[in-house]
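> Before I ask anything, let me first share the structure, which is written out below as structure tokens.
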Amino acid sequence: MIDIDFETLQALGLTPLIASRAAQLGAPEPNSRLARVIESQRDCFTLHDGHGERLARALPRLVQQLQASAQALTIGDWVSMQVDIHGQAWITDRVDPVTQIARRANDGRRQPLASNVDTALLVMGLDADFNARRMERYIAMVTACEVTPVVVLTKRDLAPDAPERIAEMRSRLPPTVPVLPVNGLSPATCAELDPWMQAGQTLVVLGSSGVGKSTLINTLAGAAQDTGGVRKGDGRGRHTTTARSLHRSALGACIIDTPGLRTFRPDADARTLASSFDDIQSLAQHCRFRDCHHEGEPGCAVAAQVDPDRLDNYKKLMRDAQRGEMTALERIALRGKWKAIGKAGSQRARDKRS
């Protein structure tokens, strides 16, 4: 059986559920012990077994197993580690994650961002980075992965219209999602995030490049990461994080830092994504027609009460998710259908002019 030092590993976020799953790993290698991935860079990983850090690589057998199931090792994973006679550490197995935040690349490949996460701090600047639509997509992504979203708005000292943007975000999002305007450099930020920073909790910080994620983590965990200055042109910070890494806070929580998100597609089906817009789902039950598409039908409770831009964002997410569920042949047929509709429209316009 794999060696599990629960009391020591609890400081790294080990829970009874994860320990139970680790104990069920099939035929672990001799002298193997449980460790957590605290940094990942391509095929090289930094592990922590509760006593110290080690650089490790995954056994080719494990890499092939994960690739066959469209999975990959990532930051936050719990793994079985073995050290050979030469002092080289090897990852021999992976514990199935309790939660995992992932996205879909443009080619459809699944890209895991972080595993075994309890809370996602969704960071957005109140300056030039502010985009309520993008925040809704962040929330949909993490909610679909059964991770609690917390919106953190930074740089309120740099944005003259910060109060209006804070009010817009709060009015647009469901009341179940906390919205916290913070000063990333202030120790008071720790107190504001205290409910999600208790021992044994794991948080991941997500947001676009330059919004102050590393600054926030420095404040919460004293990580002393490099931070960039602010560009004069658009008020955004410079990208500094190039690899995912895990840090421990004074309160006992583990915090995962990630590189900036540019574009992403949530790794979820349409039904799962729809549940992240719980206000729309709740109002839809009061529409006059059961099959209401919220596109101007009479008696539509959603269109009457939901911000039009939020509703458009919801519809776009649903379309993206539905396209992702299609087979290659179905996508080709759909493109052909819209191409034919476009040609027919062009022909009617020419006929009217002639």
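> Identify the residue in the range 92-108 that is among the basic types (Lys, Arg) and over 15 Å from residue 32 (Cα atoms) and, among all such residues, is most open to solvent (accessible area, probe 1.4 Å). First the steps, then the outcome.
Applying the first criterion (among the basic types (Lys, Arg)) to the range 92-108 yields 94, 103-104.
With over 15 Å from residue 32 (Cα atoms) added as a condition, the list becomes 103-104.
Working: 103: 46, 104: 81 Å².
Ranking the qualifying residues of the range 92-108, first place goes to 104.
> Wholly within the range 258-346, which helices (runs of 4 or more DSSP H) include no fewer than the required count, namely at least 3 residues that are at pLDDT below 80?
Working: elements: 270-274, 278-284, 301-305, 308-325.
The helices (runs of 4 or more DSSP H) meeting that bar are 270-274, 308-325.
> Filter the range 116-156 for residues that are open to solvent by less than 10 Å² (accessible area, probe 1.4 Å) and without any contact (Cβ under 8 Å) to a residue 60 or more places away in the chain; which is farthest from residue 276 (Cα to Cα)?
Only one residue tops the list, namely 126.
> Here's a follow-up. Inspect all residues belonging to the range 81-91 and state whether any of them is modelled with pLDDT of 90 or more, open to solvent by less than 30 Å² (accessible area, probe 1.4 Å) and assigned to a loop (DSSP other than H, G, I, E, B).
The answer is no, given that none of the residues of the range 81-91 is modelled with pLDDT of 90 or more, open to solvent by less than 30 Å² (accessible area, probe 1.4 Å) and assigned to a loop (DSSP other than H, G, I, E, B).
> Residue check, residue 35 against (1) over 25 Å from the mean Cα position of the chain (by Cα); (2) in a strand (DSSP E or B), all met but one. Which one?
Against the list (1) over 25 Å from the mean Cα position of the chain (by Cα); (2) in a strand (DSSP E or B), residue 35 comes up short only on (1).
> Mind checking which residues of the range 215-224 are at pLDDT 85 or above and surrounded by fewer than 23 Cβ atoms within 10 Å (Cβ to Cβ)?
Scanning the range 215-224 gives 215, 218, 219.
> Could you list, ordered by first residue, the pairs with Cβ atoms under 9 Å in which the first is in the range 201-221 and more than 20 Å from residue 74 (Cβ to Cβ) and the second is buried (at least 24 other Cβ atoms within 10 Å of the Cβ) and among the polar types (S, T, N, Q), at least 6 apart or interchain?
Here the result reads 211/154; 212/154; 215/154; 216/154, each pair linking the range 201-221 to a residue that is buried (at least 24 other Cβ atoms within 10 Å of the Cβ) and among the polar types (S, T, N, Q).
> Now, a different point. (1) open to solvent by 50 Å² or more (accessible area, probe 1.4 Å); (2) more than 19 Å from residue 6 (Cα to Cα); (3) within 25 Å of the chain's Cα centre (by Cα): which one isn't true of residue 73, the others all being true?
(1)
> While we're looking at this one, here's another question. Of all residues in the range 36-70, how many are in contact (Cβ under 8 Å) with a residue 60 or more places away in the chain and surrounded by fewer than 16 Cβ atoms within 10 Å (Cβ to Cβ)?
Qualifying residue count, the range 36-70: 1.
The values are calculated or read from the model by the stated rules, or taken from the named source; none is laboratory data. Here the structure is a predicted model, which is why all the values come from computation and not from measurement. Quick reminder, even Gly has a Cβ in these numbers, built from the backbone with ideal geometry, and neighbours come from all protein chains shown. Ligands, DNA and RNA are excluded from the accessible area calculation, which covers all protein heavy atoms including side chains. Shrake-Rupley method; radii C 1.70, N 1.55, O 1.52, S 1.80 Å.
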